[in-house]
């Protein structure tokens, strides 16, 4: 099922990217020794060693505020895939929650990659809490185009006090056909329908106060 534009609009916040003169810290990403089975629970032992980001800030309805709910993002990779787990705490959720079937009316999370390193275009992979998936590109002009890649996966699970999304994204889906040592921009966007919050992270320090749409530079090291 395709998502409506109201579910995709938060992704456009990917677009005001890095200041031209800003030097970013590059975070090396953990290389997994085995491949996790996606369960939507983050209980597979391999997730314990993943690179973890916990610094998230609001970009809407007001920029730079501490979110009402905590978010953690876990990322690792092997020779073929990037694995991202997003744990989204929410005190209003319980195991009996029944997410709406309309992607515009429920919470969502998106994984974004800036492959250009100049902020001109980003790739996104999105899932709602009920498991509706979409992917595409969005650029600096605000134009967003949905695509229909079939080779990526996401498993979600709603539990008491949180929901979790686990993504498996092949390197080829982001334009890397052979894994070499590569630096890309990375961002997680979370949308909480109930509060109207759009939350982004990892929060990147910026020379421009209030500009939270910066991407964290991450590095994948070639597997010999």
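The values are calculated or read from the model by the stated rules, or taken from the named source; none is laboratory data. Just so it is clear, the structure is predicted and the values come from calculations on it, not from any experiment. Here the Cβ is made from the backbone with ideal geometry for all residues, glycine too, and neighbour counts use every protein chain on show.
The requirement of being under 16 Å from the mean Cα position of the chain (by Cα), surrounded by 15 or more Cβ atoms within 10 Å (Cβ to Cβ) and part of a helix (DSSP H, G or I) is fulfilled somewhere in region 172-194, by at least one residue. Does residue 214 fit the bill of being more than 13 Å from residue 108 (Cβ to Cβ), at pLDDT 90 or above and touching a strand residue (DSSP E or B) at 6+ places or on another chain (Cβ under 9 Å)? It is false that residue 214 is more than 13 Å from residue 108 (Cβ to Cβ), at pLDDT 90 or above and touching a strand residue (DSSP E or B) at 6+ places or on another chain (Cβ under 9 Å). In region 192-205, the residues that are at negative phi and modelled with pLDDT under 90 form Cβ pairs under 6 Å with partners that are buried (at least 21 other Cβ atoms within 10 Å of the Cβ) and part of a loop (DSSP other than H, G, I, E, B), at six or more places apart or across chains, as follows: 204/214.
Give the residues of region 89-104 that are at pLDDT below 60, under 25 Å from residue 152 (Cα atoms) and surrounded by fewer than 23 Cβ atoms within 10 Å (Cβ to Cβ), sorted by residue number. The answer is 98, 99, 100, 101, 102, 104.
For residue 130, the criteria (1) touching a residue at least 24 places away in the same chain (Cβ under 8 Å); (2) in a strand (DSSP E or B); (3) out of contact with any helix residue (DSSP H, G or I) (no Cβ under 7 Å at 6 or more places or on another chain) hold in every case but one, which is (2).
Note on region 117-147: residues that are modelled with pLDDT under 80 and surrounded by fewer than 15 Cβ atoms within 10 Å (Cβ to Cβ) amount to 7.
One line per residue, one yes/no per condition, for (1) in contact with a strand residue (DSSP E or B) (Cβ under 7 Å, 6 or more places away or on another chain); (2) crowded, with 22+ Cβ neighbours inside 10 Å; (3) at pLDDT below 95:
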| position | (1), (2), (3) |
| --- | --- |
| 31 | yes, no, no |
| 38 | yes, no, no |
| 60 | yes, no, yes |
| 73 | yes, yes, no |
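Looking at the structure I just gave you, is residue 55 within 15 Å of the chain's Cα centre (by Cα), touching a residue at least 24 places away in the same chain (Cβ under 8 Å) and surrounded by fewer than 19 Cβ atoms within 10 Å (Cβ to Cβ)? It is true that residue 55 is within 15 Å of the chain's Cα centre (by Cα), touching a residue at least 24 places away in the same chain (Cβ under 8 Å) and surrounded by fewer than 19 Cβ atoms within 10 Å (Cβ to Cβ). Evaluating residue 78 against the criteria (1) modelled with pLDDT of 90 or more; (2) touching a helix residue (DSSP H, G or I) at 6+ places or on another chain (Cβ under 9 Å) leaves one unmet condition, (2).
Could you list, in sequence order, all residues of region 150-168 that are surrounded by fewer than 16 Cβ atoms within 10 Å (Cβ to Cβ) and in a loop (DSSP other than H, G, I, E, B)? Result: 150, 151, 160, 161.
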